[in-house]
1. Using helices alone, I'd like the mean residue ellipticity at 222 nm for the chain: each DSSP H run of four-plus residues gives -39500 (n - 2.57), total over residue count, nearest 500.
2. Can you check what the net charge comes to around residue 121, using other residues whose Cβ is under 10 Å from the Cβ of residue 121 (Lys, Arg +1; Asp, Glu -1)?
3. Cut-off under 18 Å on the C-alpha distance; same-chain residues fewer than 8 positions from residue 92 excluded. Which aspartates and glutamates are left, in chain and number order?
4. Considering only the other residues whose Cβ falls under 13 Å of the Cβ of residue 263, what net charge follows from Lys and Arg at +1 and Asp and Glu at -1?
5. At 18 Å minimum axial length over the Cα atoms and a Kyte-Doolittle cut of -1.0, report the qualifying DSSP H helices in the chain, or say none.
6. Per residue, how much accessible surface does the chain expose to a 1.4 Å probe? Answer in Å², no decimals.
7. Pick from 228, 117, 163: which residue has the top mean-square fluctuation in a GNM of the chain where Cα pairs under 10 Å get a spring?
8. Along the principal axes of its C-alpha atoms, what lengths does segment 1-136 span, in descending order and rounded to whole Å?
Amino acid sequence: FMATVLAVGIATVDVINVVASYPGEDDEVRALSHSVRRGGNATNTLVVLSQLGHVCEWAGVWVDEPDADIVRADLDRYDIGTRYCKRVKQGKIPVSYITCSRATASRTIVHHRDLPEYDAGSFLNIPLETLDWVHFEGRNVAETLHMMQQLRRRFPGVPVSLEVEKPREGIEALFPYANLLLFAQAFADHCGASPEVMLRKISNRVPHTDMVCTLSERGAVGLNRGGELLFSNAYPPPELVDTVGAGDTFNAAMIDAALRGDSLAAALESACRLAGAKCGQVGLDGLGRRTETGRDG
């Protein structure tokens, strides 16, 4: 089943250093490996969805500058459309400096950006009637709220997912406009509740929304619109190689499963499997070939 998916969010250049263990302040350590590649939550999710057989479009802010060549080449490789991007004349592609600890599999990110956020005015120029799914990063809350409201008003039948990775002021206002809420455990931690309790509380406000929360190495928990609490174990790879983009891979698998009409329980399991497979390899390439249940379990 091939669907047309639009993701609204950012693309970055990721500068990734893998170290044996995270350095202390004022330490000097040698990197075990070093790489520079395209990143960004929305475009990561699209790269996985493209490999799962979908037509993918990105709505973000674009500027022509040297670092943009890294982003453009990778998006072209996976046939990610950029025609709905807002193009500006000055600025720099956002850069994330990522330090990955081999000892703990944690990754610490220092992010720099010198671009405006994507705005609702640009979103309204997109022919939304051509889309089968719209995915939003939970950022730039005021403008994203306008986008989601416009989409709901004009095309209420288009399914919407929202990634909620971290707390942002007013982000709860976006929840009623999503069919699928994708939470990271960091958001639950900020709420001061277990992911299960958090999902129950949010469900009281948006009872007709499916929602899930990743649990890192413990898998993921979900709550469907019928009020049923669901859980999937994690499926770790034989060797933990690279966790960068695992959450974006999970989100892509959830969207793919929803587009195919799978239950939330089945979607949780397939998403945990694909995220686990991603953690066993560097980057996102080849994940479309690793989606059969049990292949990498």
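The values are calculated or read from the model by the stated rules, or taken from the named source; none is laboratory data. Not measured: the values here are computed from a predicted model. Cβ sites come from the backbone with ideal geometry, for glycine too, and all protein chains shown count toward neighbours. Ligands, DNA and RNA are stripped out before the accessible areas are found, and what is left, the full protein with its side chains, is counted by its heavy atoms. Shrake-Rupley method; radii C 1.70, N 1.55, O 1.52, S 1.80 Å.
1. -9000 deg cm²/dmol
2. Combined, the nearby Lys, Arg, Asp and Glu give -1.
3. 14, 64, 65, 67, 69, 74, 114, 117, 119
4. Taking every other residue near residue 263 into account, the sum is -2.
5. Qualifying helices: 141-154, 246-259, 264-279.
6. 46
7. Sorting by GNM fluctuation, first place goes to 228.
8. 53, 37, 22
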